[in-house]
Amino acid sequence: MSDSPKTLYEKVYADHVVADAGYDRDVLYVDLHLVHEVTSPQAFSVLAERGLKVRRPDRTVATMDHSIPTKRTDGKLQVLDSAAQAQLQALSESCAKHGIPLHAMGDEAQGVVHVIGPELGLTQPGMTIVCGDSHTSTHGAFGALAFGIGTSQVGHVLATQTLLESRAKTFSVTFEGKAPEGVSAKDLVLAFIAKVGANGGQGCVLEFRGEAIRALSMEGRMTLCNMSIEAGARAGMVAPDETTFAYLEGRAHAPKGDDWGKALERWKALATDEGATFDREVTIDASALSPRVTWGTNPGMGVGIDEPLPSPADARDDAEKRARERALEYMKLEAGKPLLGTDVDVVFIGSCTNARIEDLREAARIFGKHKVADGTRVLVVPGSRQVKHAAEAEGLHDIFTAAGAEWRDPGCSMCIAMNGDKIEPGQLAVSTSNRNFEGRQGPGGRTILASPLTAAAAAVRGKVADPRELL
Amino acid sequence: MPSTFQFRSQVAVLMRDSIDTDQIIPARFLTTTTKAGLGKLVFNDWRYESDGTPKGDFVLNQADPETTRVLLAGEDFGCGSSREHAPWALADWGLRAIIARSFADIFRNNALKNGLLPIALPAEAHATLAKDLERDPEGEVIISLQNQEVTLPDGSKIGFDVDPFAKHLLLNGHDELDFLRTFTEATEAYEGSLGSR
């Protein structure tokens, strides 16, 4: 059995089994635990109630991202309200008490948790990484096994550095061919989710493979893995390669000197073995894809930008018919017509999905040539302080502000609308974030998910527009 | 504390697919630092008008938490965000079980840690229950975790799968963190094998 060919997931999982716990469960070791303000306070309370310590504060890193302000007033960041303030304070106190490094608001390494992990070199191939956040799947871009957990499990990891886990099914997702100009990682993953459905990956860990995936930068691979959860998958992974190693080398927490060489040797052995089999497989032709947009209220409800919206009448079954009817009604959209030309109120470029430097460069390709349309509000929110500095060093912020967009401080912002950055009831946003659920970006708000290029195109046209015509 | 986890209940029907955790409890309420009191916010944006007036036609505004401890929904219940506030809110309202066609993985995990039983029924049984409740909205079901069985209003019984570990913990009143802590020696040995990693 041990000699049989294995997938990337199976190797990383097996490498972290501390013990067989019975009941179809393993005690799984966690290499890196990321913590943020929203899903941790009740876990720290459990530790306090039981008089437990954080077992490995050196394997734990905290940041503030979900509820913090991104807008400066008189040069200052003002937290939304006293509840948000108290929660931030609770995180500061817990981190100080337990010796956990914290990148608080204003810290030079602060940012959205799934942006800073990779950028600090904390995220490495072959690791197990967890966080009380479903988009932890992002870190799978490095060939790590990374997944979101609930607050009870945050407490388990804080106290024991382990989790009780069961093996997932494996699901190979191959993108053949080259993605055309104007088609990004976001479009690939939205096409995949539309193909298998918002629960099509349930119980599975995805491995993204194929020529179009190899051609992606690490930023692109992070976008891809980030949205694994939107297909209902437990995690998504990409086998590490030269692109991965080049990204990591020299980063603050990446191995140095002799350790770098040893790490490379280990990491190169992680790729799925020739002949290994997956429980499920799907293949998508990347060369045939267009930029993607969602039209409904889950990320699986998506189409190519020039395709007509599907009709409830064509649904597979009654449940899908009702879901389509309800989504179209909520979104105030019409079946049978493409989204192109639909008026847009707000554009949000940000989130753990698409707020890295490459995403901002993509958006700037369009904002450098065109101004924001009258009456459209545009927020550009970098994923981290480091991304903000890098963008400013390249002059991207000047491009955004000259075009008429707002340039903000880093945070989750309008992806989750906890910090006051939100859309108004009935408004339609084109957003580079990850969820188009009802009210996700503000009660009554309507969301179209898209790539940074497509979002920028909507910003300058004031309507859903094909970015390929604006490049 | 050990529990038989067997009870009789009316059923609130919310027959939609892909009910995500943002609907179960919107993100703007997640700045709380406790688990308590979230029941009044469960399904907030479906349950109340923007001025806070309860919507009369929403099922949890019609149901009585004293008699209704089971919610019936469609497919992929609890998808989206990993927030454990979702099962906290559902349980705080008074629910002890959700019956659906299927559940999102993280939600199922979170629910089981909070005494909220996720019961996935096959299509036919799910449809039968829905029809029974259309005929008699006050019809009662009996949930038995021990027997892994739902008794429908017409007296027929339907089995369901449950994770054996979660069942063991729920029936014996054991705590997962206490259980994990019994592996401390194995964890130390594992850490010893890691070297500079």
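Distant-in-sequence amide contacts of A:THR60, defined by a placed amide H-H separation under 5 Å and a gap of 5 or more residues or a different chain, comprise A:HIS33. For the protein assembly as shown, the pair-distance distribution built from all alpha carbon pairs, in bins 20 Å wide starting at 0, is 19, 56, 24, 1 percent. Straight-line cross-link partners of A:LYS256 among the lysines, defined as a Cα under 22 Å from its Cα and at least 8 positions apart when in the same chain: A:LYS268. Residues A:MET414, A:MET301, ranked from the fewest to the most other C-beta atoms within 10 Å, line up as A:MET301, A:MET414. Only lysine pairs 8 or more places apart or on separate chains count here, and in chain B those with Cα atoms under 27 Å apart total 10. Summing Cβ point charges (Lys, Arg +1; Asp, Glu -1) relative to the Cα centre of segment A:1-46 gives a dipole of roughly 60 debye.
Sparse packing (at most 12 other Cβ atoms within 10 Å of the Cβ) combined with a DSSP loop state is found for the following GluC sites (Glu not before Pro) in segment A:265-321: A:GLU274.
Annotation: amide H of A:GLN427 within the under-5 Å range of A:ARG446, sequence separation 5 or more or interchain, hydrogens built in the peptide plane.
Determine the shape class of segment A:308-362: with a ≥ b ≥ c the square roots of the Cα gyration tensor eigenvalues, call it rounded for a/c under 1.5, and otherwise prolate if a/b is greater than b/c, oblate otherwise. Can you show the working numbers first?
Details: a/c = 2.87, a/b = 2.13, b/c = 1.35.
It is prolate, given that a/c is not under 1.5 and a/b is the larger ratio.
In order along segment B:149-154, phi translates into HN-Hα couplings of 8, 10, 9, 6, x, 7 Hz, rounded to whole numbers, per the Karplus curve 6.51 cos²θ - 1.76 cosθ + 1.60 with θ = phi - 60° and x for Gly and Pro. What is the log10 of I(q)/I(0) for segment A:12-116, computed with the Debye formula using one identical point scatterer on each Cα and no solvent, at q = 0.12 Å⁻¹? Listed by q, the Debye log ratios stand at -0.50. Phi angles of segment B:33-48 translate, via the Karplus equation with coefficients 6.51, -1.76, 1.60 and θ = phi - 60°, into HN-Hα couplings of 10, 10, 9, 7, x, 7, x, 6, 9, 5, 6, 3, 7, 8, 9, 10 Hz per residue; Gly and Pro are given as x.
Scoring B:36-42, A:351-357 by mean Cβ neighbours within 10 Å over their residues and listing the highest first yields A:351-357, B:36-42.
In deg cm²/dmol and to the nearest 500, what is the mean residue ellipticity at 222 nm of chain A if only DSSP H runs of at least 4 residues count, each as -39500 (n - 2.57), divided by the residue total?
Working: 15 runs with 147 residues, N = 471.
After summing the helix terms and dividing by residue count, I get -9000 deg cm²/dmol.
Taking the alpha carbon gyration tensor of segment A:366-461, multiplying each eigenvalue by 5 and rooting it gives semi-axes of 22, 16, 11 Å, largest first.
Could you state the orientation-averaged shadow area of the convex hull built on the Cα atoms of segment B:6-195, in nm² to one decimal?
Values: hull surface 51.7 nm².
Average projection, Cα convex hull of segment B:6-195: 12.9 nm².
Return A:THR7, B:THR67, A:THR432 ranked ascending by Cβ neighbour count within 10 Å, so the fewest neighbours appear first. Ascending Cβ contact count within 10 Å gives the list B:THR67, A:THR7, A:THR432.
A straight Cα-to-Cα reach below 17 Å connects A:LYS178 with the lysines A:LYS186, residues fewer than 8 places away in its own chain not being considered. In this structure the amide hydrogen of A:GLU207, modeled in the peptide plane, comes within under 5 Å of the amide hydrogens of A:PHE171, A:SER172, A:VAL173, A:MET237, none closer than 5 places in sequence on its chain.
Computed from backbone phi with θ = phi - 60° and the Karplus coefficients 6.51, -1.76 and 1.60, the 3J(HN,Hα) list for segment A:156-168 is 4, 6, 4, 7, 10, 6, 9, 9, 8, 10, 10, 5, 8 Hz; x is used for glycine and proline. Of the GluC sites (Glu not before Pro) found in segment A:76-173, those that fall in a DSSP loop while having at most 15 other beta-carbon atoms within 10 Å are A:GLU108. The dipole here belongs to segment B:1-62: it is taken about the Cα centre, uses +1 on the Cβ of Lys and Arg and -1 on the Cβ of Asp and Glu, and is about 300 debye.
How big is the dipole moment of segment B:6-195 about its Cα centre under a simple scheme where the beta carbon of each Lys and Arg is +1, that of each Asp and Glu is -1, and everything else is neutral? Debye, nearest 20, please.
240 debye
Which order results if B:VAL70, A:VAL46, A:VAL464 are arranged by neighbouring Cβ count within 10 Å, fewest first? All intermediate terms of the calculation are to be shown ahead of the outcome.
On the way: B:VAL70 25, A:VAL46 19, A:VAL464 22.
Fewest-to-most Cβ neighbours within 10 Å comes out as A:VAL46, A:VAL464, B:VAL70.
Readers should treat all values here as calculations from the given coordinates under stated rules, not as data from a laboratory. As the structure is a computational prediction, the values presented were derived from the model and not from experiment. Using ideal geometry, Cβ is built from the backbone for each residue, glycine included, and neighbour counts are taken over all protein chains shown.
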